[in-house]
Structures are given as C-alpha cells and as structure tokens.
Amino acid sequence: MSGKRSEGTSIRGRAPATLSRVHRRRSLLAIASLALLTLSCQGATQPDTHLGGHLVIAAGQAPAPGPIPVLLYTSDPFAKSASPIMIAPATGTGADLTFEFPPSVAQGDFYLVAWLDVGLDGQMDTGDYVGWYNGDTTAAGARVASLVHKNQGDNVSITIEAAISR
C-alpha cells in the first residue's frame, strides 16, 4: 500500500466520518434531554387542592327535596348586594351531603352559604333550607358571616349545618 490515498477514503480504506452524523447525534441528545426535563417538571407541579366539605341537615328536619347549592362569596353574603362568585352542589343521600369547589379556588378569604330557595322567590325566607359556615347569629337573630381562609396548596374542609327557615 502506498502512502497516497484517494479522495474520500482514509488511509485504512474507510470513508471519513461526516459532519451531518455528528449534528444528528447532538440534535437527538438535545431533544432527549428536553423531553426528560419536561417529564421531570411535570412531576414537580402542585397537586390539585380543594375547598369543600359536608352539609348536614339539622336534626329533626326533613331531607331536602334536591341538591342544595353551596354559594361561595368574597364579601359578606348577607349584604343586600351580595353575589356569589361560584356555586357547588351539595349532593348525597340523607342528612349528610358533600360539596367541593374546583381547584381554581386557590387562596383567599371566603364565605360559604348553603341555600335551597324552595319558594323560588330569590329571598332567604320561610321554608328555604339555609345554612352558613359557623352558623353564627347576633343577639337579635341576624345571620353573621364567618370567614373561611384558604392558603395556596392547602385543602380546606368545613361543615355547614342547614335547616328549614321559619
């Protein structure tokens, strides 16, 4: 064998490595690294957290004729202009129902009121099922709203007792 080589072959008779193969390997390596990073980040996301709980029908009361809506407020729910920001149905059978708001309720101070408007008149009045978190009232019997605080990433479970208004 002479010391001379033909163009495109090495001294040993093999073709030299091409640049395109090196680039393909780097590209594949970069794509694989990106995929692994994406998969590892997906596992690091926060789990869904919820605000929910139980709605208990007061002892001696008839079961509700249907699901009782639980209304979520960011201000005093008993003020004249109060409007809920979200509603979740309390469902189940018997006197112990459950409700849960979606994980989009991330953090903040909220008021929760259960209200089934049996008379369909838009007023919390006689014959309606009504309950609110803590169930507090003034000495004169007026309803007092109590805050529920939810931190980011926390599950919050409360109990509301509802009764037929008289």
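Quick look at the numbers
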quantity: Fully extended contour minus Cα-Cα distance, from residue 58 to residue 140, at 0.36 nm per residue; calculated: 27.4 nm
quantity: Other-chain or far-sequence residues with amide H under 5 Å of residue 85's (modelled H); calculated: 72, 73, 74
quantity: Rounded FRET efficiency, nearest 0.05, which uses the C-beta distance separating residue 157 from residue 82 and R0 of 25 Å; calculated: 0.60
quantity: Charged-residue dipole, Cβ positions (Lys, Arg, Asp, Glu), segment 60-166 about Cα centre, Debye nearest 20; calculated: 80
quantity: Paramagnetic reach from residue 149 in segment 51-69 [backbone N under 19 Å; point 7 Å along Cα→Cβ]; calculated: 51-52
quantity: Charge context of residue 130, other residues only, Cβ under 11 angstrom, K/R +1, D/E -1; calculated: -2
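Laboratory data are not the source of any read-out in this text; all were calculated from the coordinates shown. Just so we're clear, the structure is a prediction, and the values are computed from it rather than from any experiment. Every residue, glycine among them, receives a Cβ derived from its backbone with ideal geometry; neighbour counts consider all protein chains shown.
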